[in-house]
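Below is one structure, written out as structure tokens, with a few remarks after it.
The values are calculated or read from the model by the stated rules, or taken from the named source; none is laboratory data. Bear in mind the structure is a predicted one, so any value in this text is a computation, not a measurement. Glycine gets a Cβ as well: all are built from the backbone with ideal geometry, and neighbour counts include every protein chain shown. The protein model used for the area step is the full one, side chains on, heavy atoms only, and it has no ligands, DNA or RNA in it. Shrake-Rupley method; radii C 1.70, N 1.55, O 1.52, S 1.80 Å.
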Amino acid sequence: MHNRLKVRTTEAQKAAADREKEKKLQLYRNTINDVFERRSRKEYDVLALKSSEGLLRSNPDIVTIWNYRKEILLKLKPSEEIINDELYLTEKCLQVNPKSYSAWYHRNWLLDNVDPSPDWNKELQLCTKYLKLDERNFHCWDYRQIVASKCQEPIENELKFTMEMIESNFSNYSAWHYRSKLFSAAGKDEECTKISELSLVESAAFTDPSDQSAWIYQRWLIGKLEPIKIIYKVSQIKNTVYLILNRNLPNNYKIIGLGETIWEQFDSKVWYTKLDNVNINKIQIIDEFNQVIDDASLDNVQKDIFNLNISEQLQLVLNGQLDSLHQLLELEPESKWALLTYVLLLYTLKPKSYFENCLKNIKLLKELDTKRKNYYHDLESRYKIEYWIANNNNKNMDDINLKGYGLTAFYHMHMFLFSINIDLSDNDLSHSNLNHLKYLIMCKKLSLRNCKLANLNNFPALNNLESLDLRDNQIQDISCTELTKCKSLKTIIIDNKQIALDKILQGINQSINIKIM
């Protein structure tokens, strides 16, 4: 029995481990209390810096201690040695936790606010080092964007770096995202860039169709394509001229056509100006180079507002990708990311029978990808409303009938700004924000019958609304008070199951005629 190592029991090992853990915890508490006491005594010296180093090396995410170190460094006016020690500390902390937001932020703060001559090129090398270790470290990717800007690294070099990272792993979301940011910052919307990027992303997406990172980037590229037209309609209501656009007006664009008049925003897609004597020849949209981008005359509804500005060469590339997607889906019919991109490309290019094909494939997406079914419902709603507008914009738009379209969201309501009678009944608008109805400023008769509404929260002030149909909904609460904002409202139609609603509405405004049908 002599000279043999005693083997501890499991209980003994656990007890020893617990004692060791308690000992470390007590040391941690004592150290952190010491640091907080130093801060309360406003000790801003080198010893105060040293007191918290061990804590941060073991846990780099104690924000309060990093903030204390910032206070010390600002008071100290530190030497080059102290600054280098602080940079060394952040690097040691990043070795403990490479995704420590606090450590990355402190390093950036130190170089920006304390170091008189920061070496941003060295920081770029540090980012490269950490991204080689973990290409998905999004904190480091964010830091790299800052660093590349500080050292004025050429965008071409950063694009090359993202390409290297993507080639090593197509599933690198952060690299794809950074690539999109680089193109946006550089204003690289040239057609050759779009074509080359589409070719790149096609190779990546088809290599692994189940990986969504490349598909997301491809959908971003498709989304960068702009409509041919900007102006949908110019109309006049009394002494106010309204300009309705099909997309947001860039900040560096101007509206001209009525002399020196000042245009105001009702919304990013609706502009207006008030004039005593309106004599409109033509309204024009001017870009930053004083080039006419689009123009329209009073009450002239423009066509092709949802068609995109695609050159013949780019169209050939996109058609090629559409064909490739079709072939891929024949082999892998349940590849949801390929199917979604196929739908988006169909709607972008609008070949024959595109609308029916879009709806058919969106239905399949709802079955394949149930977690995103609400997104697909809303996408379908957008397509249906756009298709209705595109096929009815030459007709009298006083009456809008979208009854039973299966809508789940309000899209392009601003294009119904001048409509008088609007029927949105038999749709599922239970999760939509009713505030989108704010554009219906000329609407007198509105039907929301059987829209599965549980309340009227955010119902806008429609000053011309006279009649509102709320039948076959489950509205039973005080949200009906929202209707008091509609100053011209005379009639509200409800059904026999909404008798409780009758009393609430009468209590709000006795002058309103409540029809029970």
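General observations
- Global dimensions of the range 11-189 from alpha-carbon coordinates: Rg and Dmax equal 19.7, 68 Å.
- Extension gain for the segment Arg19 to Ala390, taken as residue separation times 0.36 nm less the Cα-Cα distance, is 126.1 nm to one decimal.
- Think of a 1.4 Å ball rolled over the protein heavy atoms: the range 11-189 then has 55 Å² of accessible area per residue.
- DSSP beta bridges in the chain [antiparallel fraction, %, rounded to 5]: 60
- HN-Hα J in Hz across the range 75-82 - Karplus 6.51, -1.76, 1.60, θ = phi - 60°, x for Gly and Pro: 6, 6, 6, x, 6, 4, 5, 5
- Where a label projected 7 Å from the Cα of Thr193 along Cα→Cβ would reach, residues of the range 207-235 with amide N under 14 Å: 221-222, 224-226
- Each residue of the range 207-213 was assigned a 3J(HN,Hα) from its phi angle through the Karplus expression (A = 6.51, B = -1.76, C = 1.60, θ = phi - 60°), giving 5, 9, x, 7, 8, 8, 4 Hz with x at Gly and Pro.
- The trypsin sites (Lys or Arg not before Pro) found in the range 161-239 that occupy coil by DSSP, while having at most 11 further C-beta atoms within 10 Å, are Lys238.
- Gap separating the Cα centres of the range 469-517 and the range 25-103, nearest whole Å: 63
- Summing +1 for each Lys or Arg and -1 for each Asp or Glu among the other residues whose beta-carbon sits under 13 angstrom from that of Asp34 gives +2.
- Ignoring aspartates and glutamates fewer than eight residues from Lys366 along the same chain, the ones with Cα atoms less than 13 angstrom from its Cα are Glu334, Asp378, Glu380.
- For the range 32-40, 3J(HN,Hα) per residue [Karplus equation, 6.51 cos²θ - 1.76 cosθ + 1.60, θ = phi - 60°, Hz, x = Gly/Pro]: 5, 5, 4, 5, 5, 5, 4, 5, 5
- With every protein chain in place, the range 61-153: carbon and sulfur % of accessible area (1.4 Å): 47
- Spin-label pair Ser311-Lys363: with each label point 7 Å from Cα along the Cα-Cβ axis, the two points sit 3.9 nm from one another.
- Translational D in µm²/s for the chain (Stokes-Einstein at 20 °C, 1.002 mPa s, Kirkwood Rh from C-alpha pairs): 75
- Full extension of the chain between Ile155 and Asn457 gives 104.0 nm of extra length, using 0.36 nm per residue less the Cα-Cα distance.
- Cα centroid separation - the range 360-419 against the range 292-357, whole Å: 17
- For Lys384, the aspartates and glutamates whose Cα comes closer than 18 Å to its Cα, not counting residues fewer than 8 places off in the same chain, are Asp304, Glu356, Asp399, Asp423, Asp426, Asp428.
- Reach of Lys515 by Cα under 30 Å, taken over lysines that are not fewer than 8 positions away in the same chain: Lys403, Lys438, Lys444, Lys445, Lys452, Lys485, Lys487, Lys490, Lys497, Lys503
- Rounded to the nearest 20 debye, dipole of the chain from Cβ charges on Lys, Arg, Asp, Glu: 1820
- If you wrap the range 417-505 in the convex hull of its Cα atoms and look at it from every side, the mean projected area works out to 4.8 nm².
- Size of charge dipole - the range 231-301 - debye, nearest 20, with Cβ of Lys, Arg +1 and Asp, Glu -1, no other charges: 180
- Taken over the Cα atoms of the range 216-269, the convex hull encloses 106 Å³ per residue.
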